[in-house]
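Below: the structure, in structure tokens.
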Amino acid sequence: MLSIQNVTHTYPNGVQALKGVTLTIEKGMFGLLGPNGAGKSSLMRSIATLQQPTQGAVSFDGIDVLEEPMALRRVLGYLPQDFGVYPRGSAYHLLDHLAVLKGFSDRRERKNIVDHLLAETNLYGVRHKRVATFSGGMRRRFGIAQALIGDPKLIIVDEPTAGLDPEERNRFHNLLAEIGEDRVVLLSTHIIEDVTELCASMAILAAGRVLVQGKPAELIQRL
Ligand code: ADP
Ligand code: ADP
């Protein structure tokens, strides 16, 4: 379980991106819906230990995220919104290198992990192609493969469906639904269908505050 208690974040320029966010997030897919500027990325970066909140507390499965950032990073998979700059290199090699950085030193073990992730994200057939040549949908799926190295229990995906066509989005939804079965997956989006089609619970964030939290079917009716 991911618990976010009264998190505020003020940037050095004075912008108050988060104004006391409290959320309890259980296993499965959780959708954070909100317009641009609502604070979604700020909240996700705070949970992912990329920035220290000005105030508040975050915990995941007994880990105090602000006190033990390294412990959180070991169980975290993060796909940032600006996942858009692609180094040269084939999908296979990039995943293999990342697996080295994650501490998998045995070559054969890495091949098992990487082949499995490529198959899971439907990229096995293009594993020797350069990621720079991939379509938007393939890149997002590659991003998920990256995030899944090491079998993290918490997955954070920031606006992963923006700019995808309906078929790509559908395929991406299926992948997220699969990985959400035994993990906590936190998905931010400004697309209502992402939460109605995928998420068991959701919250609406606007101007740094949680407006409502609940089940998509109940909340969307009230909009
Ligand atoms: P969202 O992801 O919902 O679009 P963000 O968390 O990116 O929202 O942004 C929330 C607010 O914080 C916006 O007003 C944005 O301009 C501001 N903001 C985001 N990042 C920074 C930063 N590094 N420095 C200053 N202001 C920022
Ligand atoms: P998506 O982006 O959802 O994969 P596409 O229509 O772009 O949808 O691609 C469908 C399939 O075609 C891909 O899964 C892949 O197997 C193949 N494909 C598309 N673009 C490329 C490419 N640049 N290099 C290799 N294979 C590709």
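Restricting the range 135-149 to residues that are near ligand 2 (Cβ under 10 Å from one of its atoms) and open to solvent by 10 Å² or more (accessible area, probe 1.4 Å), the residue that is nearest to residue 118 (Cα to Cα) is 141.
Whenever a residue of the range 102-115 is under 19 Å from residue 77 (Cα atoms), its partners that are of a type in the set (Lys, Arg) and modelled with pLDDT of 95 or more, lying with C-beta atoms within less than 6 angstrom and at least six residues away or across chains, give the pairs 104/110. Of everything listed in (1) over 27 Å from residue 148 (Cα atoms); (2) out of contact with any Pro (no Cβ under 9 Å at 6 or more places or on another chain); (3) open to solvent by 20 Å² or more (accessible area, probe 1.4 Å), the single unmet condition for residue 219 is (3). Picking from residues in the range 19-38 that are open to solvent by less than 10 Å² (accessible area, probe 1.4 Å) and within 15 Å of ligand 1 (Cβ to nearest atom), the one that is nearest to residue 1 (Cα to Cα) is 23. Restricting attention to the range 1-46, the residues being of a type outside the set (A, V, I, L, M) and either touching an Asp or Glu at 6+ places or on another chain (Cβ under 9 Å) or under 26 Å from residue 217 (Cβ atoms) (or both) number 15.
Of all the residues in the range 105-134, those that are open to solvent by 50 Å² or more (accessible area, probe 1.4 Å) and assigned to a loop (DSSP other than H, G, I, E, B) number 6. With respect to residue 131, is the statement that it is within 16 Å of ligand 2 (Cβ to nearest atom), of a type in the set (A, V, I, L, M) and touching a Ser or Thr at 6+ places or on another chain (Cβ under 8 Å) true? So residue 131 passes the test. Which of (1) open to solvent by 20 Å² or more (accessible area, probe 1.4 Å); (2) in a helix (DSSP H, G or I) does residue 43 not meet, given it meets every other one? It is condition (1) that residue 43 fails.
Of all residues in the range 155-195, those that are surrounded by 22 or more Cβ atoms within 10 Å (Cβ to Cβ) and out of contact with any strand residue (DSSP E or B) (no Cβ under 9 Å at 6 or more places or on another chain) total 1.
With respect to the conditions (1) open to solvent by 10 Å² or more (accessible area, probe 1.4 Å); (2) within 16 Å of ligand 2 (Cβ to nearest atom); (3) closer than 25 Å to residue 23 by Cα; (4) aliphatic (A, V, I, L, M), residue 198 falls short on a single one, namely (2).
The values are calculated or read from the model by the stated rules, or taken from the named source; none is laboratory data. From a predicted model like this one, the values you see are computed outputs, not experimental measurements. All Cβ positions, glycine included, derive from the backbone under ideal geometry; neighbour counts span all protein chains shown. Each accessible area value is taken on the protein alone, full model and side chains, heavy atoms only, with ligands, DNA and RNA left out. Shrake-Rupley method; radii C 1.70, N 1.55, O 1.52, S 1.80 Å.
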